[in-house]
Amino acid sequence: MRNQISSMNMSRRQWLKTAAGGLGGLALSGLSSPTASGAGLLSPKAAQFAPKAKRVIFLFINGGPSQFESFDYKPELKTNGGKKGVNKGKLLAPLYDFAQHGESGMWVSDVFPHMAQQTDHLCMLNGMTGPSRAHPIAIPMLHTGEFQFVRPSFGSWVLYGLGTENQNLPGFFTIKPTRTFGGPANYGSAFLPSTFQATRLGWQGQPIKSASISNLKANHSLSSEAERSALELAQKMNQQLLSQTESARGVIDSLNLSEQMRDAVPEVTDLTRETKETLDMYGINGGPTDDFGRQCLLARRLSESGVRFVEISSDGWDHHSGLDKFKKKAETIDKPVAALLADLNQRGLLDETLVLWSGEFGRQPETQVLSGKETLGRDHNAAGYTAWLAGGGSRGGLTHGVTDDLGYKTVEGEVHLHDLHATMLHMLGLDHKKLVYRFGGRDFRLTNIHGNVIHEIVS
């Protein structure tokens, strides 16, 4: 060991700093696996009761997509377009036609022809409500159930409650997340052990083809023999620390997992292993669907490999103006999302995979006014908007919730954001009132003191 240290021209202090710091590339923050002495923090855990779903794929439609151009059919708004609205602006008629689809007869806008073919798998929630129509509040609320303080993300709570089914992979992935409005806090573990935070792949605005996971590669300043020696030393130090604090468990687990990840992650994220037929189905062909298609296919591959929670993101849905470009934007996700649902279904995975499609809020029925001028756009609305679930114990073919005739607010079948979180945890076999973590002298949970399970949308 001394000879190795001397040959690398490293001081004893530098060596200990490298080892104790996790060896740079060897330790990937937020990951764990069973340790040699027992089960790791991410080992599979039994659900609190019989689950409907085993895993979650969250499709975050960043910006607040308009329900009037997508999934909430409002013929009265079309009839009254141009008239004075409640907020004194002019009502803006939906820009696109709607039609009924599937055995359920669910209404879907013409901008989503591929998703329209999957309506009998969709549980449409047209009565969603949230606490705020401001991005900096609504996005953290959607992801963590809180905005005033940093709280564990939804994915972290799921991972904490259930563990993961593949000990060679992270239990929680986020692909191309936003850097703003909460940024990393939206997928962080807060006061939960760092083991439960997400592993990030790429950033918003970055092509997914050029994205990579930081710190996955080896530390090239060390020889393989030196890396092994440093790992052994770090683990001995961590084991001693574990006798004083349980927080060292996550570090131990992360180091144990690092070698397995080097092989497992590149393999599961390698889309060249898929057939041309599958790539074409997802729209991975260099066109407008290519980037989100890759995200959707990665979500399927990760979920199929035992990853518990995967979030993927599509940005650019904040249409205060330019609403006539909504159809072009919809084209980028329509075919990939439909392919994801069809692919999961044909592989027998949809029944046990809960898919959520949602933005942070929806849109107003009136024309947006900016700097005193009307634009072809809509302002934010959290009093009544649309999200949908598919698979995983959700009731396919159901349209639940109604907004008023013009779409200002929910009037029937409200699903508050806290209710959505509670219901999704219920589908995963977790009681949102009992999934708690004690921190700072009190018990915390995802839904705080709120939330009700909406049994009508559970199959």
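Counting only other residues whose beta carbon sits under 13 Å from that of G391, what net charge do I get with K and R as +1, D and E as -1?
Working: positive: K52, K54, R55, R300, R347, R395; negative: D120, D343, D351, E352.
Once positives and negatives cancel, what remains is +2.
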| task | Would you kindly work out the equivalent ellipsoid of segment 47-138 from its C-alpha gyration tensor and give its semi-axes, the square roots of five times the eigenvalues, largest first in whole Å? | result | 29, 21, 11
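Can you give the net charge of the other residues whose Cβ lies under 10 Å from the Cβ of V310, counting K and R as +1 and D and E as -1? Display every interim value, and only then the final one.
On the way: positive: R55, R300, R301, R308; negative: E311.
Counting the neighbours of V310, the net charge comes to +3.
I want the local charge near F58. Using Cβ-Cβ distances under 15 Å, sum +1 for each Lys or Arg and -1 for each Asp or Glu among the other residues. Show your work: numbers first, answer last.
Details: positive: K54, R55, K176, R200, R300, R308; negative: E311, D315, E360.
Taking every Cβ under 15 Å from that of F58, the sum is +3.
Determine the per residue accessible area of segment 107-158 with all protein chains present and a 1.4 angstrom probe, expressed in square angstrom. Provide the component values of the computation, followed by the final result.
On the way: 1630 Å² over 52 residues.
Per-residue value: 31 Å².
How would you order 417-427, 271-281 from highest to lowest mean count of nearby Cβ atoms within 10 Å? Walk me through the numbers before you get to the answer.
Details: 417-427: 24.3, 271-281: 12.6.
Highest to lowest by the protection proxy: 417-427, 271-281.
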| Fully extended, how many nm does the chain gain between N87 and D405 (0.36 nm per residue separation, minus their Cα-Cα distance)? | 113.0 nm
| query | Can you give the FRET efficiency for A134 and K325, using 1/(1 + (r/R0)^6), R0 = 25 Å, r = Cβ-Cβ distance, to the nearest 0.05? | reply | 0.60
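Take the alpha-carbon positions of segment 304-413, form their convex hull, and give its projected area averaged over all directions (one quarter of the hull surface) in nm². List each step's numbers first, then the result.
Numbers: hull surface 33.8 nm².
Answer in nm², one decimal: 8.4.
Quickly rank 46-59, 439-452, 378-391, 136-149 as a protection proxy: mean count of other C-beta atoms within 10 Å, highest first.
Highest to lowest by the protection proxy: 378-391, 136-149, 46-59, 439-452.
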| Measuring with a 1.4 Å probe in the full set of protein chains, what accessible area per residue, in whole Å², belongs to segment 395-459? | 47
| query | How high is the FRET efficiency between S459 and K434 when r is their beta carbon distance and R₀ equals 25 Å, given to the nearest 0.05? | reply | 0.65
| field | Förster-model FRET efficiency, 60 Å R0, L376 and E225, C-beta, rounded to 0.05 | value | 0.40
| remark: Note: segment 136-215 at 10 °C, 1.306 mPa s; Kirkwood Rh on alpha carbon pairs; Stokes-Einstein D in µm²/s works out to 122
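The values are calculated or read from the model by the stated rules, or taken from the named source; none is laboratory data. Computed from a predicted structure; not experimentally measured. Quick reminder, even Gly has a Cβ in these numbers, built from the backbone with ideal geometry, and neighbours come from all protein chains shown. When the accessible area is computed, the model is the full protein with side chains, heavy atoms only, and any ligands, DNA or RNA have been set aside. Shrake-Rupley method; radii C 1.70, N 1.55, O 1.52, S 1.80 Å.
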